[in-house]
Amino acid sequence: MRAVLGGVLALVCALLAGAVLIALVPTLASWGTGEPVVPVSPWAAYRATFGGVLGTREGVSWAVYHAGALVLTALAVAIPLRAGLFNIGGEGQLLLGGLAGTAAALGLAGVVGPAPAPLAMVVLVGASAVAAAAAGAAWGALAAAFTRPGRGANEVIASLLLNFVAAGACQYVVKHHLLDAHSGVVQTPSIPLAARLGRLAAVPGLERVFDPNTPVTWALPAALVAAVAVAYAFARTRWGYELRATGANPDAARAAGIGPRRVAVSSLAIGGACAGLASLALVHGHYGHYGAHVFAGQYGFLGLATALLGRGHPLGVVPAALLFGVLFQGASEITLETSLPASIVLILQALAITAVVAAGALLAPRGRG
Amino acid sequence: MSSAPGEPPTVALDGVVVRYPTGTIALDGARFTLERGSIRGLVGENGAGKSTLLGALCGFVPVVAGTLAIGGMSEPAFATRSWTPRRAIARGLGMVHQHFSLVDALSVCDNVALGRAPRWCGAFYDRRRARDEVRELSTRYGLAVDPDAPVHALSLGERQRVEILKALAKGATALVLDEPTAVLAPPEVRSLFAVLRELARGGCAIAITTHKLGEVAELCDAVTVLRAGRVAGELPMARATPAEIARLMMGKDPEPVPPRAPARRGQRALQVAGLAVDGDQGEHAVRDCSLELFAGEILGIAGVLGNGQRELVEALAGLRPTRAGAITLPPGGTIAFVHEDRARHGLVGAMSVAENLVLGRHHESTFSGRWGVLRRGAIHREAVRLVALHDVRPPDPEAPAATLSGGNQQKLVLARELARGTSALVAAQPTRGVDLGATRAIRDELVRARDRGVAILLVSAELDFVLELADRVCVLYRGRVVLEQTADALDRDAIGRAMAGVA
């Protein structure tokens with residue numbers, strides 16, 4: 001309760017600090033250029049960001065679309081974090097998962113081909129999900145394999161560097177083996193329609209909530225179910241118990257016969273699977289192909305920020321992802337409505353994270369003496 | 001050289017009230033004085049408020065009410081927010097904490113100079129002068145330590161000397177030490193006491209807290225006894241006997257130790273043959289160590305700390321690789337451990353008492369159902385049962401284990417390890433940092449387990465505790481068993497000589 005209240009207060013502080021910054025930006029931008037200062041009121045900027053997003057069905061839909069992917073990439077961080085491991089490799093896990101998921105959809109398209117639509121959908125989406133999760137999990141487990149608990153080698157460095165390996169490998173595979181030559185850009189051919197995720201707006205009644213022209217798909221409820229499942233697993237399963245014990249006191253966990261290696265591999269693999277699944281929301285939910293859009297999205301890295309904002313709690317990442325979804329979408333609104341640069345939203349995101357992390361440190365119970 | 005009559009005490013604390021954020025009253029009107037040239041012991045059970053009182057004096061613990069006079073001058077900042085460690089140091093109060101605050105990578109003189117480094121041309125660190133200051137202080141008080149040695153290469157006793165040097169270099173005229181002997185081997189304790197006596201002779205006022213009443217009798221000129229946040233007695237050492245101090249601490253006469261039935265020795269439960277184990281620095285910590293442990297007996301391992309006890313236990317637990325030799329359990333035999341550092345190996349402080357009580361037992365089908373889902377009801381019921389059976393306080397299965405006192409944490413660990421129902425139990429330093437009441441409870445638990453037929457290997461640096469409990473005693477010296485005796489033919493002197501390495 002206290003933590004939630006502290007988080008909300010911290011966000012208010014971040015918005016106030018952001019307001020000061022917005023008021024200063026026009027002056028700073030015109031400084032030395034001789035151009036006249038065009039003042040921007042922070043209120044108008046916030047109204048553009050939040051009002052523009054939250055005030056329309058379209059804006060809400062886009063924000064929620066981003067949030068769905070972010071919940072999964074944030075879980076990729078939050079799960080190993082509970083075991084005391086910092087997974088910086090969400091981006092690479094997402095990229096590889098996306099490639100595997102796309103390849104599965106493309107490869108099976110010919111096999112399933114003439115089958116009746118519902119069965120084709122189940123097979124294609126199911127196979128894509130399994131492939132994406134497996135690829136992400138493998139990449140996560142690989143980061144764990146480089147890590148030797150208690151011997152100095154570090155999962156942060158391993159998972160970070162594996163991002164670059166994954167990005168390079170994925171670019172290579174797309175360019176040389178899966179290229180759609182007609183598009184003129186580095187991307188795969190479109191996956192079959194049967195592999196696309198269904199849109200929530202197609203559900204009777206929900207079309208009033210979500211814009212049918214936006215990619216709010218079944219990936220969103222799936223991500224929420226994943227967050228709840230992880231929270232349940234942490235609290236109620238042997239796996240979660242061993243994870244928490246290892247994260248809180250690795251020596252005691254080892255003395256009690258809990259294998260640190262198994263905990264590291266399983267937490268990073270399951271986290272990696274979540275990141276891999278996040279790619280489905282992008283490729284199968286939105287773009288329909290795999291390529292430059294996915295590489296540029298940076299959802300894997302944003303998942304780090306989301307997990308920090310959510311204090312590493314599997315349910316905390318849901319509101320954090322929603323906030324980031326709004327800010328993500330707000331970045332495009334703010335440039336349309338005001339003369340501010342889109343990067344101001346990045347600064348707001350950074351302020352929000354800093355404030356929440358600082359509030360966590362300030363609210364933590366102090367030790368005696 | 002005690003203070004001259006009529007001279008005001010160096011430190012006079014009165015009416016100190018400390019309340020923790022949880023609402024618990026830690027100190028309730030406590031009084032404490034320190035005099036120039038004298039050493040005062042501060043004793044009490046765990047949770048009586050000893051560390052809190054010293055922390056309050058030195059600005060580490062916020063104080064609700066109370067007065068402080070230093071050298072007869074009232075200190076108006078005390079019991080306000082502005083009474084900080086920095087101000088306490090400026091008033092000549094130096095504290096040596098139980099857990100040291102040193103920078104491992106820096107040298108001794110750099111650590112001492114930290115925060116108050118002598119300058120060269122006003123801007124540069126003058127290491128030569130810092131080194132000379134350390135040399136000067138260490139020769140004056142017999143605090144032998146190399147100013148250029150990096151702190152990570154020092155023993156615990158040497159690190160403690162560096163902490164004392166730090167306080168002296170800041171100009172401390174009153175020095176308070178919280179449990180300074182808890183981490184020291186007996187020879188180090190002796191040299192610490194020599195240093196403290198030398199400091200007192202030089203005019204320093206000194207206070208120490210300890211659990212060992214023998215140390216109070218050996219070192220102190222006077223003693224203050226705390227019980228539940230109040231002063232239960234203040235007496236000069238000449239009038240204080242350990243029995244009297246113990247009575248004041250517990251608020252009642254200690255119960256006489258009930259006589260124990262002789263051991264009914266059963267089958268072999270553990271065999272260690274020719275074991276060799278390396279220490280952290282690759283030294284041969286355990287060499288050619290052989291032991292046999294039988295059901296229904298307590299085998300005590302006596303020895304000065306650092307003679308391979310920790311490495312032996314860690315090797316038995318599989319936490320440390322062995323270089324040679326064999327550890328054999330009979331078919332079907334099982335073994336449980338109470339590790340010497342319970343905060344590190346025994347407990348997950350952030351998890352609840354209930355979750356800690358099943359740590360390592362969580363695989364059992366009672367606690368873990370199909371699909372790996374934990375049976376929370378069963379875990380809670382087991383916790384309620386064990387907490388009541390072993391008198392763990394507070395009896396709240398959902399309290400985080402870190403909030404329990406040291407004695408109750410140890411009872412929790414012992415409760416869990418005994419509940420495994422193993423045929424052998426290794427208890428390493430089970431009474432370290434534990435008060436008299438909990439020590440008694442732990443002793444009774446061990447004896448009851450022995451009478452149920454459990455084979456117990458008791459490793460303790462407290463010789464009295466070992467001799468009181470063990471049916472058989474082995475002395476470990478430099479990683480070898482150098483002497484073995486049975487309880488009915490104990491030769492205390494021989495054991496002492498063996499511990500000191502004198503054949």
For this session: Quote the Stokes-Einstein diffusion coefficient, in whole µm² s⁻¹, for the protein assembly as shown, based on the Kirkwood radius over alpha carbon pairs, a temperature of 37 °C and a viscosity of 0.692 mPa s.
Result: 104 µm²/s
Problem set entry | Reach of B:LYS212 by Cα under 22 Å, taken over lysines that are not fewer than 8 positions away in the same chain | B:LYS50, B:LYS252, B:LYS411
Exercise. Can you tell which of A:LEU94, A:LEU309, A:LEU224 shows the greatest fluctuation in a Gaussian network model of chain A with Cα springs below 10 Å?
Worked result: A:LEU224
Exercise. For the protein assembly as shown, what is the mean residue ellipticity at 222 nm derived from helices alone (per DSSP H run of n ≥ 4: -39500 (n - 2.57); sum divided by total residues; nearest 500 deg cm²/dmol)?
Worked result: -15000 deg cm²/dmol
For this session: Return the distance in nm (one decimal) between the two label points of a simple spin-label model at B:ALA326 and A:PHE301, each offset 7 Å from Cα along Cα→Cβ.
Result: 5.9 nm
Exercise. Relative to the present Cα-Cα distance, how much length would full extension add between B:LEU319 and B:ARG81 at 0.36 nm per residue of separation?
Worked result: 81.1 nm
Problem set entry | Among beta bridges that DSSP assigns inside the protein assembly as shown, antiparallel share in %, nearest 5 | 60 percent
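Using 1/(1 + (r/R0)^6) with R0 = 35 angstrom and r between the beta carbons of B:THR403 and B:GLU364, what's the FRET efficiency to the nearest 0.05?
0.85
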Exercise. To the nearest 0.05, how large is the calculated FRET efficiency for A:ALA29 and A:ASN213 if R₀ is 35 Å and r is the Cβ-Cβ distance?
Worked result: 0.55
Seminar exercise, completed: Put in order of increasing Cβ neighbours within 10 Å, starting from the fewest, B:PHE32, A:PHE324 give B:PHE32, A:PHE324
Exercise. Which ³J(HN,Hα) values, rounded to whole Hz and listed in residue order, are derived for the range B:84-89 from phi using the Karplus coefficients 6.51, -1.76 and 1.60 in 6.51 cos²θ - 1.76 cosθ + 1.60 with θ = phi - 60°, glycine and proline given as x?
Worked result: 10, x, 4, 5, 4, 5
Problem set entry | Whole-Å distance, taken between Cα centres, linking the range B:30-91 and the range A:174-195 | 74 Å
For this session: Compute the FRET efficiency between B:ALA489 and A:ALA350 as 1/(1 + (r/R0)^6), taking r as their Cβ-Cβ distance and R0 = 60 Å, and round to the nearest 0.05.
Result: 0.20
Seminar exercise, completed: Which of A:GLY297, A:GLY32, A:GLY59 fluctuates most in a GNM of chain A (C-alpha springs under 10 Å)? That residue is A:GLY32
Exercise. At B:SER74 and B:ALA105, where each label point lies 7 Å from the Cα along Cα→Cβ, what is the point-to-point distance in nanometres?
Worked result: 4.9 nm
Exercise. Taking every eigenvalue of the Cα gyration tensor of the range A:4-129, multiplying by 5 and rooting it, what semi-axes result, largest first, whole Å?
Worked result: 43, 22, 17
Seminar exercise, completed: If one builds a Gaussian network model of chain A from Cα atoms under 10 Å apart, the most fluctuating residue listed among A:ASN213, A:ASN87, A:ASN163 is A:ASN213
Problem set entry | Spatial separation of Cα centroids for the range A:204-228 and the range B:224-302, in angstrom | 64 Å
Problem set entry | Cα gyration tensor shape for the range B:382-464, rounded if a/c is under 1.5, else prolate or oblate | oblate
Exercise. Hey, what's the per residue convex hull volume over the C-alpha atoms of the range B:105-166, in cubic angstrom?
Worked result: 73 Å³
For this session: Label chain A by shape, choosing from rounded, prolate and oblate, from the square roots a ≥ b ≥ c of the eigenvalues of the Cα gyration tensor; if a/c is under 1.5 it is rounded, and otherwise prolate applies when a/b is larger than b/c, oblate when it is not.
Result: oblate
Seminar exercise, completed: A:ALA235 neighbourhood, Cβ < 15 Å, K/R = +1, D/E = -1, net charge +3
Problem set entry | Integer Hz, Karplus 6.51/-1.76/1.60 couplings in order for the range B:397-403, x for Gly and Pro | x, 9, 5, x, 4, 5, 7
Problem set entry | Dipole of the range B:105-166, positive direction: furthest Cα of B:PRO118, B:LEU143, B:LEU156, with charges on the beta-carbon | B:PRO118
For this session: Would you work out if the range B:353-420 is rounded, prolate or oblate? Take a ≥ b ≥ c from the square roots of the eigenvalues of the alpha-carbon gyration tensor; rounded if a/c is under 1.5, else prolate when a/b is larger than b/c, oblate otherwise.
Result: prolate
Seminar exercise, completed: So, with points 7 Å from each Cα along the Cβ direction, the A:LEU5-A:TYR172 label distance in nm works out to 5.6 nm
For this session: Could you please report the charge total around B:ARG161, scoring K, R as +1 and D, E as -1 over all other residues with beta-carbon less than 11 angstrom from its beta-carbon?
Result: -2
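The numbers here are math on the coordinates, done by the rules we state, and not lab data. Model, not experiment: these values are computed from the prediction. So basically every Cβ, Gly included, is an ideal-geometry build from the backbone, and we count neighbours across all protein chains shown.
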